[in-house]
1. Looking at residue 284, is it loosely packed, with under 12 Cβ neighbours inside 10 Å and either touching a Gly at 6+ places or on another chain (Cβ under 9 Å) or within 20 Å of residue 164 (Cβ to Cβ) (or both)?
2. What are the residues in the stretch 89-109 that are out of contact with any helix residue (DSSP H, G or I) (no Cβ under 7 Å at 6 or more places or on another chain) and either polar (S, T, N, Q) or at pLDDT 95 or above (or both), if any?
3. Given the residues 70, 102, which is the only one that is within 19 Å of residue 2 (Cα to Cα) and not in a loop (DSSP other than H, G, I, E, B)?
4. Does any residue of the stretch 120-137 turn out to be over 19 Å from residue 299 (Cβ atoms), part of a helix (DSSP H, G or I) and not hydrophobic (A, V, I, L, M, F, W, C)?
5. Are there any strands (runs of 3 or more DSSP E) wholly within the stretch 171-242 with 3 or more residues that are in contact (Cβ under 8 Å) with a residue 24 or more places away in the chain and surrounded by fewer than 21 Cβ atoms within 10 Å (Cβ to Cβ), and if so which?
6. Report yes if some residue within the stretch 307-318 is open to solvent by 40 Å² or more (accessible area, probe 1.4 Å), touching a helix residue (DSSP H, G or I) at 6+ places or on another chain (Cβ under 6 Å) and more than 30 Å from residue 96 (Cβ to Cβ); otherwise report no.
7. Of everything in the stretch 27-54 that's open to solvent by 40 Å² or more (accessible area, probe 1.4 Å) and assigned to a helix (DSSP H, G or I), which residue is farthest from residue 115 (Cα to Cα)?
Amino acid sequence: MVGKSVVTLDGLSTNQILDILHKAAYIDGHRKEVAHTCDGRVLATLFYEPSTRTRLSFETAMLRLGGKVIGFAGAQLASVTKGESIADTLKTVSNYVDVVAIRHPKEGAALVASRAASVPVINAGDGGHMHPTQTLADLATLQSRFGRITDLTVGLCGDLTFGRTVHSLIETLCRFGNVRFVLISPDELKTPQYVIDRINATPSCSYVEVRDLASVMGDLDVLYMTRVQKERFFNEDDYLRLRDTYILDEEKLQLAKPSMAVLHPLPRVNEIAVDVDDDPRAAYFEQVKNGMLVRMALESTVVGDELPGYEPLNPKEVQA
């Protein structure tokens with residue numbers, strides 16, 4: 001992976017993904033030991049659209065490894081306002097830094113950037129397309145909660161049509177296999193056929209589609225919540241009728257297993273009640289921490305800096 005860009009997780013083998021998760025767990029327990037891993041390195045965060053968590057996470061990851069950060073947040077702050085292309089920006093910035101994290105509203109922008117750059121490029125989200133480091137954060141959270149990322153019943157709830165994090169997570173979990181998906185949404189926001197096809201193409205995975213969250217709550221090991229977006233509905237009556245079905249509160253949570261984990265890519269609006277935050281099953285802020293850890297693992301890996309004391313993963317040691 002040294003010197004390679006990460007545009008989608010398809011470019012990584014399952015063993016490489018597991019090694020990133022293993023590194024993230026090691027980093028969490030060895031913060032002081034890794035604090036100078038990337039001394040002298042510079043990360044550029046090129047964010048052509050607004051972001052809070054993702055940009056701060058990438059930047060904090062490099063700072064915690066001993067490196068430095070340059071960049072911009074918002075296209076209005078970049079030379080794109082003068083007409084400069086993404087390719088030219090990346091060719092220029094490659095002279096300054098060791099690794100780039102880019103977020104852009106257009107699908108495919110990260111691939112264009114990776115081809116133009118002479119340093120590794122990490123996709124921090126391009127349009128509705130891919131957000132690979134969010135999926136790594138999701139997987140790291142499953143690994144830390146359950147000690148595995150397979151042999152789980154995973155419920156995905158809310159907007160399953162437009163949610164890029166949902167599609168990416170399903171696709172990646174199918175690569176590892178042995179996952180039962182419960183797809184919980186109104187008919188208006190059902191999972192796209194190409195995602196269903198991916199599940200069907202994996203013999204060890206299965207799915208069911210349901211409308212009622214409460215009816216399946218007790219079956220789930222994981223509940224991945226997303227926001228039901230008013231603007232996706234054709235008429236307000238349908239939205240008002242369905243909206244509260246997909247709000248998770250303590251009352252619904254009483255139907256769940258004590259060990260269930262609640263995930264959410266954030267930001268949330270009202271789909272998870274604030275009183276759920278204090279429940280030990282709430283894992284969404286843990287996801288935020290894991291996002292920083294996997295970005296620390298990824299950034300140090302692609303620039304070729306070894307973590308002091310880290311023992312590389314033997315794939316047989318981890319239950320995929």
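The values are calculated or read from the model by the stated rules, or taken from the named source; none is laboratory data. Not measured: the values here are computed from a predicted model. Heads up, the Cβs are rebuilt from the backbone with ideal geometry, glycines too, and the neighbour counts pull from every protein chain shown. Quick note on the areas: whole protein, heavy atoms, side chains included, nothing else; ligands and nucleic acids left out. Shrake-Rupley method; radii C 1.70, N 1.55, O 1.52, S 1.80 Å.
1. Considered against the rule, which asks whether it is loosely packed, with under 12 Cβ neighbours inside 10 Å and either touching a Gly at 6+ places or on another chain (Cβ under 9 Å) or within 20 Å of residue 164 (Cβ to Cβ) (or both), residue 284 comes out as no.
2. 92, 93, 94, 95, 96, 97, 98
3. After ruling out the rest, the residue left standing is 102.
4. no
5. 206-210
6. Checked the stretch 307-318: at least one residue is open to solvent by 40 Å² or more (accessible area, probe 1.4 Å), touching a helix residue (DSSP H, G or I) at 6+ places or on another chain (Cβ under 6 Å) and more than 30 Å from residue 96 (Cβ to Cβ).
7. 29
Conditions (1) out of contact with any Asp or Glu (no Cβ under 6 Å at 6 or more places or on another chain); (2) under 22 Å from residue 136 (Cα atoms), marked per residue:
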| residue | (1), (2) |
| --- | --- |
| 198 | no, yes |
| 205 | yes, yes |
| 212 | yes, no |
| 221 | yes, yes |
| 227 | no, yes |
| 235 | yes, no |
| 257 | yes, no |
| 280 | yes, yes |
